[in-house]
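Please read the structure below before turning to the comments.
The values are calculated or read from the model by the stated rules, or taken from the named source; none is laboratory data. Note that this is a predicted model, so its numbers are computed, not measured. So basically every Cβ, Gly included, is an ideal-geometry build from the backbone, and we count neighbours across all protein chains shown. Surface accessibility is based on the protein's heavy atoms, side chains included, excluding ligands, DNA and RNA. Shrake-Rupley method; radii C 1.70, N 1.55, O 1.52, S 1.80 Å.
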Amino acid sequence: MGRMTRLVDSFGREITYLRVSVTDKCNLRCIYCMPEEGVKLKSHSDILRIEELARIIDIASRLGITHVRLTGGEPLVRQGIVTLVCVLSEIPGISDISMTTNGLLLPGLARPLREAGLDRVNVSLDTLRPERFRKVTRHGDLKSVLAGLKAVEDVGLSPVKINTVVLKGINHDEIADIATLTKERPWTVRFIEFMPFWNNGWKFNSRYVTPISEIRDEIMAEGAWPVESGAGQDEPTDRAGRGPANYVKLPGAKGSIGFISLKDHICSSCNRIRLTADGRLLPCLLSDISVDLRTPLREGAKDGVIAGLICKAVSLKPENGRVAEAMAACPGENPSLSKIGG
């Protein structure tokens, strides 16, 4: 199969970014993500093997995918994750390999991942208070995450991005403290507006929503000023202005602050598709549409067939994910993100 230069959907958007869920397992039980007892996991045989993940990504790269983000569940609990990164780093068309992680296992894995070819990490961190961290994650250790942040910085996995989900009545009083991390470190803190979704076992959770406008207003009151989308960041989607965040900087800060809301108008420039751990390709995060890649893969389909299915998924990408309509139709509940990496 020859390499194509562009993968374009029905609305003229060029698709260059593939988010890959490598596992549906997680070593935390964050209150806004899943119930305390966890979620029903896929069987081992349902989950794509490392070589299957690598093959799909290789084929996708020949269609125009250049950026791969590894997610979960929690990607660092996936056996063989360093091997996968190493294999992906050898694919000529892949120019950027990143990962979203809760950071617990980063102290021991940051260096092997960097040596394998990982470029950057996004670390989830919702509070700087140990007891509150245990409450939000149900049993996580804040010290391990902070050690992980130091480890990724030490080995050159940069820029470091911190994702903070803001929950009214739980951690919204730490917005300024977390933003201050950007003063001394060249990190990007991204505040994310909580989006209620199904099956996390958290009833009446709309009460925890802190509008992104309130979060931004608090930061701007600290003397922050807007910067060019992605300025100072090394992520292709943000640098091109196509990522979901917009950025500001505090006076004298080494890093920057971003704001993410799924209710913002981000669909028109969306350049991503998602692969689930069990081999379904999702053209849109907030759509029921998916294309099965695992079955044909295991039935011996040639690269051209898999490429055709990837193109089919891209052609099915809707013009608009209709986030606002979905939230209005099912207040307090929207599609579960815990097993598809957000």
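Using r as the Cβ-Cβ distance of GLU222 and GLU115, and R0 as 25 Å, what FRET efficiency do you calculate, to the nearest 0.05? Efficiency for this residue pair is about 0.05. Of all DSSP beta bridges confined to the stretch 3-149, the antiparallel ones make up roughly 5%.
Modelled spin-label separation between SER269 and ARG49, with each label point placed 7 Å from Cα along the Cα-to-Cβ direction: 4.1 nm. Between LYS183 and ASP141, how high is the FRET efficiency from 1/(1 + (r/R0)^6) when r is the Cβ-Cβ distance and R₀ = 30 Å? Nearest 0.05. Efficiency, rounded to the nearest 0.05: 0.75. Just tell me which aspartates and glutamates come within less than 13 Å, Cα to Cα, of LYS161; anything on the same chain fewer than 8 places away is out. Of all the aspartates and glutamates, those that pass the test against LYS161 - Cα under 13 Å, at least 8 places apart if same chain - are ASP119, ASP126, GLU153, ASP234, GLU235, ASP238.
Starting from the 7 Å offset along Cα-to-Cβ, what nm value, one decimal, do you get for the label separation of LYS40 and ILE289? The modelled label-to-label distance comes out at 2.7 nm. How much length, in nm to one decimal, is gained on full extension between SER315 and SER206, taken as 0.36 nm per residue of separation minus their Cα-Cα distance? Contour length minus Cα-Cα distance gives 35.9 nm. Summing charges over all other residues whose Cβ lies under 11 Å from the Cβ of GLY117, with Lys and Arg as +1 and Asp and Glu as -1, gives -3. For the stretch 42-110, applying the loop criterion from DSSP together with a ceiling of 14 other beta carbons within 10 Å to the GluC sites (Glu not before Pro) yields GLU90. Accessible surface ranking for PHE194, PHE11, 1.4 angstrom probe, highest first: PHE11, PHE194.
Among residues other than LEU18 with Cβ under 10 Å from its Cβ, the summed charge is +4 (Lys and Arg +1, Asp and Glu -1).
Which entries of LYS25/LYS254; LYS143/LYS168; LYS40/LYS150; LYS254/LYS317; LYS25/LYS312; LYS40/LYS249 show an alpha-carbon separation above 30 angstrom in the structure shown? Pairs exceeding the cut-off: LYS25/LYS254; LYS40/LYS150; LYS254/LYS317; LYS40/LYS249. Straight Cα distances below 19 angstrom link LYS42 to the aspartates and glutamates ASP24, GLU51, GLU52, GLU74, ASP278, ASP288, ASP292, with same-chain residues fewer than 8 positions distant left out.
Short-range pairs are left out: with C-alpha atoms under 8 Å and at least six residues apart, the relative contact order of the stretch 33-99 is 41 percent.
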